[in-house]
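Asker: Structure provided below as structure tokens; questions to follow.
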Amino acid sequence: MIGAFYWDPNPALFTLPWLGWPILWYSVLFALGFALGFVSFASILTRFFLLKAQAKSFEGNPRREALCIADRLTLYMIVATIIGARLGHFLFYEKPSDYLNHIGEIFQVWKGGLASHGAVIAVILALALFTHRYQRRSYGLTWIRLMDFISAPAALAGALIRIGNFFNQEILGSMTNVPWAVIFGHPADRSVPTPRHPVQLYEAAAYFCIFSLLWRLSLQPKTLFLQGKLSGLFLILVFGFRLFVEYWKPEQSHLMASGHPISLTMGQILSIPAIVAGFILFFWSRIQNSKKTR
């Protein structure tokens, strides 16, 4: 335990006067992630519309239209993220008997339990629904292009959410004696405080780096019009890192209990299809680009 960092913050940032409602760090960081995601998505969309306006293939005010679409899409993303992450948690990590007998707990998101893989699936479906509903005013925003444009904002939101998990003392890493180990004073899973890998910070740092890369690429006009590149890179990098960092996490799913023939964790198994989809999108974008340059 020598050199380990002891971490036991108050999960509440402050309490609302008179009402007595605690405002949690996690809730603030979750909301901040979506707020910054809205700003970055609107910025990317504005650049795309301005480029189309320069090419005289866009009618209307690019900035106003970008904000309008970003406003509508953000609502879809919030609902899809919460519902998908919550359902994913129960389907992939909880025993059916634990929630089928208490079905109301599925909707109690404030109790924790959100799975990022479920959120990704729900977001992809929400983007498809959004594209279908607003295709008349999409201005060339195909389903894949929307996935491209939300990739950088999603990485940024994911980084902030992982910091929120760190404040909540949840999604703990495995025990270790590395010098930067963290002892969580009151782990959410009520385990014994012991030095652990701060995997939440590992992921947050990785997602910030991925956001920086995708943001820089989005500044290139050629990349904005190349469908599949940004979303492909997002899936490869984010879930490639998840595949790696899961080695420093204890298994959390009942489906992968001791004695299971597969040595991978549930998080790793769910990451593999996302990585494969990322490579398909990335190389599909390169094939489309090569056809255009011939």
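Asker: Against the condition under 18 Å from ARG145 (Cβ atoms), under 18 Å from the mean Cα position of the chain (by Cα), surrounded by 13 or more Cβ atoms within 10 Å (Cβ to Cβ) and among the β-branched types (Val, Ile, Thr), how does THR74 come out, does it pass?
Answerer: yes
Asker: In the set LEU172, LEU156, which member is assigned to a loop (DSSP other than H, G, I, E, B), touching a residue at least 60 places away in the same chain (Cβ under 8 Å) and within 21 Å of GLY118 (Cα to Cα)?
Answerer: Answer to the check: LEU172.
Asker: Is it fair to say PHE49 is buried (at least 18 other Cβ atoms within 10 Å of the Cβ), at pLDDT 90 or above and on the phi < 0 side of the Ramachandran plot?
Answerer: yes
Asker: Output the qualifying pairs, or none if there are none: Cβ atoms under 9 angstrom, residues six or more apart or on different chains, first residue in the stretch 2-29 and without any contact (Cβ under 8 Å) to a residue 60 or more places away in the chain, second residue of a type in the set (A, V, I, L, M, F, W, C) and assigned to a loop (DSSP other than H, G, I, E, B).
Answerer: The qualifying pairs are THR15/TRP21; PRO22/LEU16; ILE23/LEU16.
Asker: I would also like to ask the following. In this structure, is LEU226 of a type in the set (A, V, I, L, M, F, W, C), part of a helix (DSSP H, G or I) and at pLDDT 90 or above?
Answerer: It is false that LEU226 is of a type in the set (A, V, I, L, M, F, W, C), part of a helix (DSSP H, G or I) and at pLDDT 90 or above.
Asker: Counting only residues that are within 27 Å of PHE184 (Cβ to Cβ), surrounded by 16 or more Cβ atoms within 10 Å (Cβ to Cβ) and not aliphatic (A, V, I, L, M), how many does the stretch 9-46 have?
Answerer: 7
Asker: Do the conditions hold for GLU203, that is, is it surrounded by fewer than 23 Cβ atoms within 10 Å (Cβ to Cβ), without any contact (Cβ under 8 Å) to a residue 60 or more places away in the chain and of a type in the set (Asp, Glu)?
Answerer: Against the criterion (surrounded by fewer than 23 Cβ atoms within 10 Å (Cβ to Cβ), without any contact (Cβ under 8 Å) to a residue 60 or more places away in the chain and of a type in the set (Asp, Glu)), GLU203 does not qualify.
Asker: Going residue by residue through the stretch 141-148, is there one that turns out to be aromatic (Phe, Trp, Tyr) and in contact (Cβ under 8 Å) with a residue 24 or more places away in the chain?
Answerer: Checking the stretch 141-148: not a single residue is aromatic (Phe, Trp, Tyr) and in contact (Cβ under 8 Å) with a residue 24 or more places away in the chain.
Asker: Here's a follow-up. Could you check how many residues of the stretch 136-168 are of a type in the set (S, T, N, Q) and at pLDDT 95 or above?
Answerer: Qualifying residue count, the stretch 136-168: 1.
Asker: Now for a separate question. What are the residues in the stretch 179-200 that are of a type in the set (A, V, I, L, M, F, W, C), surrounded by fewer than 17 Cβ atoms within 10 Å (Cβ to Cβ) and assigned to a loop (DSSP other than H, G, I, E, B), if any?
Answerer: Residues satisfying the conditions are TRP180, ALA188, VAL192.
Asker: Mind telling me which of the residues LEU233, LEU243, LEU255, LEU217 ends up being part of a helix (DSSP H, G or I) and at pLDDT below 90?
Answerer: LEU255
Asker: Can you pull out the residues in the stretch 181-218 that are in contact with a Gly (Cβ under 9 Å, 6 or more places away or on another chain), charged (D, E, K, R) and more than 20 Å from GLY164 (Cβ to Cβ)?
Answerer: none
The values are calculated or read from the model by the stated rules, or taken from the named source; none is laboratory data. None of the values given here were measured: they were computed from a predicted structure. Cβ coordinates were reconstructed from backbone atoms using ideal geometry, including for glycine residues, and neighbour counts include every protein chain displayed.
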